[in-house]
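The numbers here are math on the coordinates, done by the rules we state, and not lab data. Predicted model only: the values in this text are computed from it and were never measured. Every residue, glycine among them, receives a Cβ derived from its backbone with ideal geometry; neighbour counts consider all protein chains shown.
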Amino acid sequence: MGDILWPSTASGLLALIVLDGLGALAAYSTGKAFASTWSSRFGLIPAILALALGIRFLHYALFEETLLSLHYYLIDLVILGATAAYGYTLTRARQMATQYSWAYEKAGLGWRAR
């Protein structure tokens, strides 16, 4: 599993945990920010693509991993994209339940009509 999710170097797993963990926090905050400003979910796409590039660069600069690796870029992108979508959905559900409390109520990760 080491070659699939992280490179088989001495610091591969550590790099994945530290950098993608911090990147996931940034992606979650990005998702919350887009939802808080009532922006479209599609606006997250360029932001997360850029964030994944930045995380990939940090993998290269700090842990001497391959910079232009499509495989590991896509892994970072999936992790960050899922985290950003989670932050966006939670924030939007809270907004809908608060702003339109007469019409919607919070239900799990989303909202439903009353």
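Extension gain L67-Q95, at 0.36 nm per residue separation less the Cα-Cα distance, in nm? Intermediate values should be presented prior to the final figure.
Working: separation 28, 0.36 × 28 = 10.08 nm, distance 3.89 nm.
Gain on stretching L67 to Q95: 6.2 nm.
In nm, to one decimal, how far is the S40 label point from the V78 one, both placed 7 Å along Cα→Cβ?
Each label point lies 7 Å from its Cα, and together they span 2.7 nm.
Take the alpha-carbon centre of segment 91-109, take the same for segment 44-67, and report the distance between them in whole Å.
Here the two parts' Cα centres lie 34 Å apart.
Counting Lys and Arg as +1 and Asp and Glu as -1, what is the net charge of the other residues whose Cβ lies under 12 Å from the Cβ of A52? Can you show the working numbers first?
On the way: positive: R56; negative: D20, D76.
Charge balance in the 12 Å sphere: -1.
Once both axes come from the Cα atoms, what is the angle between helix 12-36 and the longest principal axis of the chain, in degrees from 0 to 90, rounded to 10?
20 degrees
Given Cβ point charges of +1 (Lys, Arg) and -1 (Asp, Glu) and nothing else, what value in debye, to the nearest 20, does the dipole of the chain about its Cα centre take? Walk me through the intermediate numbers first.
Values: 8 positive and 6 negative charges, 167 e Å.
Using only the charged Cβ atoms, the result is roughly 800 debye.
At a Förster distance of 25 Å, what's the computed FRET efficiency of K106 paired with L49, Cβ-Cβ distance as r, to 0.05? Spell out each step's value before the answer.
Numbers: r = 30 Å, r/R0 = 1.20.
It comes to 0.25.
Answer with a single label: of (1) 36, 28, 21; (2) 55, 24, 18; (3) 40, 34, 23, which was calculated as Cα extents along the principal axes in Å from the structure in view?
It is the one labelled (2).
For a quick check: with amide H placed at 1.01 Å from N, whose amide H comes under 5 Å from Y104's, ignoring anything fewer than 5 positions away on the same chain?
It is R114, by chain and number.
Rounded to the nearest 500 deg cm²/dmol, what is the calculated helix-only ellipticity per residue at 222 nm for the chain, with -39500 (n - 2.57) per DSSP H run of length n ≥ 4?
Working: 4 runs with 79 residues, N = 114.
Using -39500 (n - 2.57) per qualifying helix, the result is -24000 deg cm²/dmol.
What angle do you read, to the nearest 10 degrees and between 0 and 90, between the alpha-carbon axis of helix 70-99 and the longest principal axis of the chain?
The angle comes out near 20 degrees.
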